[in-house]
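The values are calculated or read from the model by the stated rules, or taken from the named source; none is laboratory data. Quantities reported herein were computed from a predicted structural model and do not represent experimental measurements. Cβ placement follows ideal geometry from the backbone for every residue including glycine, while neighbour counts extend to all protein chains displayed. Keep in mind that these areas ignore ligands, DNA and RNA; they rest on the heavy atoms of the full protein, side chains included. Shrake-Rupley method; radii C 1.70, N 1.55, O 1.52, S 1.80 Å.
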Amino acid sequence: MTAQILDGKALAARIRDEIAGKIATLGFRPGLAVVIVGNDPASAVYVRNKEQAAGAAGLAARTIALAANTSEAALLGLISELNADPATDGILVQLPLPAHIRAQLVIEAIDPAKDVDGFHPLNAGRLALGMPAIIPCTPRGIMRLLALSGHALQGARAAVLGRSAIVGRPAAALLTAADATVTLLHSRSRDVATECRRAEIVIAAVGRAEMVRGDWIAEGAVVIDVGIHRGADGKLRGDVAFDECAARAGAITKVPGGVGPMTIASLLENTLEAALSRRARPG
Ligand code: NAP
């Protein structure tokens with residue numbers, strides 16, 4: 001079987017163009033503030049990519065870079081200024097934060113209406129309950145890639161590998177809301193390979209390079225690879241052994257060029273939607 005490649009790069013480019021078209025007609029530029037603390041090189045690359053994509057789509061994006069020794073109180077002070085700033089529609093604090101700052105406290109300080117990462121417990125809780133919420137960017141992108149595959153989600157058996165708050169759990173909630181039958185797997189799960197093999201949809205978000213092997217994949221399954229790992233050879237790999245799995249899958253994403261660009265496109269969508277819904281609110 002020749003697997004359909006779910007081209008996240010091309011789909012993300014289309015979404016970014018659509019967003020740019022909408023913003024051009026708005027009469028204002030939705031504002032995105034990206035906050036980074038410290039000098040983590042991977043975070044710096046992610047933040048630069050987000051700011052560039054946001055700027056290119058017509059958002060008013062700015063990065064606020066703080067020194068690694070910034071205090072928790074100073075960061076919380078900045079968040080409360082951004083919460084109060086009418087020109088800021090979306091606030092994103094790049095994770096991980098330095099160890100002396102409690103990330104959860106910072107996430108909870110963000111106005112839920114400006115929480116374009118969708119990590120605030122109010123948004124996470126609403127999503128878990130199947131209510132409208134700001135959806136975390138990576139799972140939102142995953143759902144778009146699943147739609148691109150054309151595979152019906154209703155009643156489908158889906159295996160989600162990984163239960164993090166930013167990928168696995170919200171992806172499982174979205175699949176549940178779409179009427180899939182979801183198995184959420186984690187490091188204590190037994191028979192992960194067997195569970196995977198039963199699934200028509202496999203979402204791999206374990207953070208372990210090429211853990212998902214070809215014989216874990218049912219013929220024709222849709223495989224979404226969230227993992228990002230840079231090998232000693234400088235090449236990027238995912239959580240999925242691509243060649244083996246592509247030989248059995250019906251559709252599959254690549255790393256790079258799959259979930260990564262969709263995460264950024266979803267951030268732009270979240271920011272545009274946050275801007276529109278804040279302005280639509282009375283008062
Ligand atoms: P994470 O917070 O480290 O969570 C990993 C999850 O995988 C945990 O739930 C863990 O289980 C589970 N796990 C670990 N080893 C396992 C095993 N052997 N069998 C079954 N489950 C196992 O990771 P994350 O933040 O969700 O990210 C996952 C991957 O996606 C990483 O490679 C990350 O770089 C990548 N990522 C990519 C994007 C993107 O835009 N492309 C965005 C976010 C993340 P426990 O809960 O039991 O510990």
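I'd like the residue in the range 221-234 that is exposed (fewer than 14 other Cβ atoms within 10 Å of the Cβ) and within 25 Å of the chain's Cα centre (by Cα) and, out of all such residues, is farthest from the ligand (Cβ to nearest atom).
Looking at residues that are exposed (fewer than 14 other Cβ atoms within 10 Å of the Cβ) and within 25 Å of the chain's Cα centre (by Cα), I get Gly234.
Specify the residue that is nearest to the ligand (Cβ to nearest atom); the eligible residues are those in the range 157-188 that are of a type in the set (A, V, I, L, M, F, W, C) and open to solvent by 50 Å² or more (accessible area, probe 1.4 Å).
Taking the candidates together, the pick is Ile166.
Looking at the range 112-121, is at least one residue at pLDDT 95 or above, in the same structural domain as Ala249 (by TED's automatic domain parsing), within 12 Å of the chain's Cα centre (by Cα) and within 14 Å of the ligand (Cβ to nearest atom)?
No, every residue in the range 112-121 fails to be at pLDDT 95 or above, in the same structural domain as Ala249 (by TED's automatic domain parsing), within 12 Å of the chain's Cα centre (by Cα) and within 14 Å of the ligand (Cβ to nearest atom).
Report, by residue number, each residue of the range 34-43 that is open to solvent by 70 Å² or more (accessible area, probe 1.4 Å) and assigned to a helix (DSSP H, G or I).
Across the range 34-43, the qualifying residue is only Pro41.
Is it the case that Ile264 is more than 16 Å from the ligand (Cβ to nearest atom), surrounded by 14 or more Cβ atoms within 10 Å (Cβ to Cβ) and of a type outside the set (Gly, Ala, Ser)?
Here the answer is no, as Ile264 does not meet what is asked.
Looking at Ile203, Ile134 in this structure, which one is under 13 Å from the mean Cα position of the chain (by Cα) and away from the ligand (no atom under 14 Å from the Cβ)?
Going through Ile203, Ile134 in turn, the sole match is Ile134.
Being modelled with pLDDT of 95 or more, within 20 Å of Pro170 (Cα to Cα) and either surrounded by fewer than 24 Cβ atoms within 10 Å (Cβ to Cβ) or of a type in the set (D, E, K, R) (or both) is true for just one of Arg248, Arg237, Arg208, Arg198. Which residue is that?
Arg208
Kindly indicate whether Ile217 is open to solvent by less than 20 Å² (accessible area, probe 1.4 Å), closer than 18 Å to Leu145 by Cβ, among the aliphatic types (A, V, I, L, M) and within 14 Å of the ligand (Cβ to nearest atom).
No.
Within the range 234-241, is even one residue over 27 Å from Val182 (Cβ atoms) and part of a loop (DSSP other than H, G, I, E, B)?
Yes: the range 234-241 contains one or more residues that are over 27 Å from Val182 (Cβ atoms) and part of a loop (DSSP other than H, G, I, E, B).
Residues checked against (1) part of a helix (DSSP H, G or I); (2) of a type in the set (A, V, I, L, M); (3) in contact (Cβ under 8 Å) with a residue 60 or more places away in the chain; (4) surrounded by fewer than 19 Cβ atoms within 10 Å (Cβ to Cβ):
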site	(1), (2), (3), (4)
Thr2	no, no, no, yes
Lys9	yes, no, yes, yes
Ala12	yes, yes, yes, no
Ile23	yes, yes, yes, no
Leu32	no, yes, yes, no
Val45	yes, yes, no, yes
Lys50	yes, no, yes, no
Arg62	no, no, no, yes
